[in-house]
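K.L.:
Sharing a structure below in structure tokens format, with a few things to ask.
The values are calculated or read from the model by the stated rules, or taken from the named source; none is laboratory data. Quick caveat: nothing in here was measured; it's all calculated off a predicted structure. We place every Cβ from the backbone using ideal geometry, glycine too, and count neighbours over all the protein chains shown. Areas reflect the complete protein model, heavy atoms only, side chains present, ligands, DNA and RNA absent. Shrake-Rupley method; radii C 1.70, N 1.55, O 1.52, S 1.80 Å.
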Amino acid sequence: MPGMKGSTPPEAERFLARSWSASWAAATSAACFFLLAPFSAHAQVVISEILYDPAGADQGNEWVELYNAGAAPVDLTKWTFSDGATSKTTGNLVHHAFSASPASGAIGGMMLAPQSYAVLADNAAAVAAAFPGLAQLIDTTMTLPNPSGGASATLVLFDDAGGAENTVAYEGGAADGNGASLQLQSDGSWLAAP
């Protein structure tokens, strides 16, 4: 109340100051979260199809399809991909860079539009010849494992900050050497289909 200065005991003033400070901190944290969330929200780029063991020779004919399920375009310029290979010196996963160079056979650049697909290929020119009409084809280095005997292989897609955006493990079997690819289904399962 006006003119009642000093009527609140010192302990209550300290409590009110701490409560106000804690409330302010919580409110500003929440406000900061909501302000920063749209800027740090990640696109939903997933591995949607894998051709790890094509009919005939694997070399240069393997590919991985990416799908941007998000609402914003994603610049894949600094993204990398791991086919499970590890460095002989460090033992860490090898991160293969992407190239959109037309000289390598790449088509369509590095910007992946929302609700769109891009194909990563070890030999973009060979894949473009085998699949004419691809809208976006990105050249990279890969040797996709052909697991057998109950073994599995793991592929990892890394974002521009080096974080694992999507990881897929697959086993050999239904898509072994017959021209079928593994295709991600809407329920999250994988189906081998031509």
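K.L.:
What's the local net charge at D122, with K and R +1, D and E -1, over the other residues with C-beta under 12 Å away? Provide the component values of the computation, followed by the final result.
P.N.:
Working: positive: none; negative: D58, E62, D83, D139.
So the environment of D122 carries a net charge of -4.
K.L.:
Could you do me a favour and compute the accessible area per residue for region 45-194, 1.4 Å probe, result in Å²?
P.N.:
That works out to 47 Å² for each residue.
K.L.:
With labels modelled as points extended 7 Å from the Cα through the Cβ direction, what inter-label distance (nm, one decimal) is found for Q44 paired with A151?
P.N.:
3.4 nm
K.L.:
Full-extension gain between T89 and D58, please, as 0.36 nm times their residue separation minus the C-alpha to C-alpha distance. Each step should come with its number before you reach the end.
P.N.:
Working: separation 31, 0.36 × 31 = 11.16 nm, distance 2.66 nm.
Working it through step by step, the gained length comes to 8.5 nm.
K.L.:
With a/c under 1.5 counting as rounded, go ahead and sort region 36-194 into rounded, prolate or oblate using the C-alpha gyration tensor (a ≥ b ≥ c being the square roots of the eigenvalues; past the cut-off, prolate if a/b is larger than b/c, else oblate).
P.N.:
rounded
K.L.:
Could you calculate the contour length gain from A130 to D187, that is, 0.36 nm times the residue separation minus the distance between their Cα atoms, to one decimal place in nm? Mind showing how you got there, number by number?
P.N.:
Working: separation 57, 0.36 × 57 = 20.52 nm, distance 2.91 nm.
Full extension from A130 to D187 adds 17.6 nm.
K.L.:
Once you list every other residue whose beta carbon is under 13 Å from the beta carbon of V74, what net charge do they have if Lys and Arg are +1 and Asp and Glu are -1?
P.N.:
Details: positive: K78; negative: D75, D159, D160, E165.
Net charge in that neighbourhood comes out at -3.
K.L.:
Another question, if that's okay. Please report the spacing between the Cα centers of region 70-97 and region 120-138 in Å, no decimals.
P.N.:
19 Å
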